[in-house]
Structures are given as structure tokens and as C-alpha cells.
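Here is the structure we will look at.
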């Protein structure tokens, strides 16, 4: 549910984002909150409940976190721009030669 509904909405147009450390931190915190809500608490053998640790969440998602997804999308975008003709406006702006 997270990978098909939540993450695409959150990462819309992420290919062109400038990721600063504070934004990366906010994305990680958001992702963990959503995953903890989706997977719910864990019941211990003694009958108590606890929230899942970050390591457990990473194991459940296979370390495919939101930062890695954004990095992948940015590399895909770079591949598209690299394959464009040299007179393309997008490629000119990417290379820093808009005129």
C-alpha cells in the first residue's frame, strides 16, 4: 500500500528536487511514521505491545527507502536528459548553456 499509494504522491516530481539534509531528514521521519502506522505495533511474548524499530522497518521494506527511490528517479531523469539531442532546451539548461 505504501509503495503504490503514498510514496508516489510524496515523491511527485522528485527528479528535479534539490535535496538538502533537513529535507532528507524530514522524508525519513515521514516514511517511518507512515510505515509504523501501516505495519502496526508488535506484540511481545509477555503480552505487551511495542512500536517497531527502524531496523525492523528496513528489513520489512528490503532497505528500499524513500531516499534510495529518489536517487533512482534522479538517475533515470539524468539518463533521459543525456539521451536528448544537443539542441534540446532541457539539455541546454542542464548543461548550463541556456543561450
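Read the figures in this text as sums done on the coordinates, not as results from a lab. Treat the numbers as computed from the prediction; the structure is a model and nothing was measured. Neighbour counts run over all protein chains shown; Cβ positions are idealised from the backbone, glycine included.
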At 222 nm, what helix-only mean residue ellipticity would the chain give, in deg cm²/dmol to the nearest 500, using -39500 (n - 2.57) for each DSSP H run of four or more?
-17000 deg cm²/dmol
Pairwise label distance in nanometres, residue 30 with residue 59, each label 7 Å out on the Cα-Cβ vector
2.8 nm
Within segment 61-99: backbone nitrogen closer than 15 Å to the residue 3 label point (7 Å, Cα to C-beta)
61-70, 72-73
Helix 21-39 versus the longest principal axis of the chain: what is the Cα-based angle in degrees, 0 to 90, to the nearest 10?
40 degrees
Between residue 78 and residue 50, what FRET efficiency follows from the Cβ-Cβ distance if R0 is 41 Å, with the result rounded to 0.05?
0.45
Nearest-0.05 FRET efficiency for residue 17 and residue 91 at R0 = 22 Å, using Cβ-Cβ distance, is 0.70
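Over the Cα atoms of the chain, what is the Rg over Rh ratio if Rh follows Kirkwood?
Details: Rg = 18.7 Å, Rh = 16.0 Å.
My calculation of the ratio gives 1.16.
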